[in-house]
Every structure is written in C-alpha cells, then in structure tokens.
Amino acid sequence: MTLIKTNGNLIPFGMDNFFANDDFFDNKWLEKKLKHTLPAVNIKENKNEFNIEFASPGFAKKDFKIDLDENVLTISAEKEKEKNEENDNFTRKEFSYNSFSRSFTLPQSVNTDKIDAKYNDGILKLSIPKMEETKLLPKKEIKVV
C-alpha cells in the first residue's frame, strides 16, 4: 500500500480525494438530496381563490392522492415502474419507485367543498376558492361630511 502525506497525516493513496470531497461531509447533504425528491410548489392568492401549482412531471393523474382533514390539505403521489426482460441466457428485472407528500394548513376562509384539481403537462394545479363573505373587498374611501 502506498502512503502519501497530506497535512502532516499519512493517508493511503486515493483516500485523500475521498476525504476532500465536500459533498460527503457537507452538513446540507440531506437537504440537497431532498430538494430533488420534492416537487417545486407555487402558491398564489387573489381576491377569489388560492392557487397551488406542483411541478411533478412523470406522474399520471391516477398517481395522485389529495386528502383534506381538518383544514390540512395533503397532496401525495406514488409511482412504481417495473420492467422485466427474459431471454434464453439471462433475466433482467429493473424497477424504480418515486413518491412525495406535501401538506398545507388552509385558512378558515376557504370553501373546502369546491376545491378543484387538474393535472396537465407535468403540472398539478389546485384551485381553492374563498368563501363569499371572506373575499377581499376593494379599497373604498369614505368622505367625511
């Protein structure tokens, strides 16, 4: 075994690059990995409704599950893919699994009976209408007489 001297320590050759790899010892390693597994989300509010958009390409409509429990909206998806190939000399089996789950606490001002969800071109869009009495009224000036 060949040893090299790095920073005064003897390290087996080749191991110096392993320990110098910032990604391995980075305290945000898990955060970097999770960033790729959770879909990007946009949340918008206008005077009539809230809109939530998920960037979730590769899923089908049947892969999504949307639940509402005590004003907590949970959007989740699971996709499992399996590929089998058999030949006289070999058998190959490949599979992949992808899933995510996100939860949002909705304000009391939404009409939970009229939540609408659509999935098109890799984007899941939810429209969450506000109740009539809680819609923002336009600004109004009151004159003093």
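Read-outs throughout are calculated quantities, based only on the coordinates presented, and are distinct from any laboratory measurement. The structure displayed is predicted, hence computed values, not measured ones. Reconstructed Cβ throughout: ideal geometry from the backbone, glycine too, with neighbour counts over all protein chains shown.
Key figures for this structure:
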| item | result |
| --- | --- |
| Viscosity 0.692 mPa s, 37 °C: Kirkwood-radius Stokes-Einstein D of region 41-133 over Cα pairs, µm²/s | 215 |
| Protection-proxy order for peptides 116-124, 47-55, each taking the mean of Cβ atoms within 10 Å per residue, highest first | 47-55, 116-124 |
| Fewest-first sequence of 90, 59, 100 by Cβ atoms within 10 Å of each Cβ | 90, 100, 59 |
| Sequence of 66, 142 once ranked by neighbouring C-beta atoms within 10 Å, starting from the fewest | 142, 66 |
| Positive-end extreme of charge dipole, region 41-133 - chosen from 75, 95, 123 (charges on Cβ) | 123 |
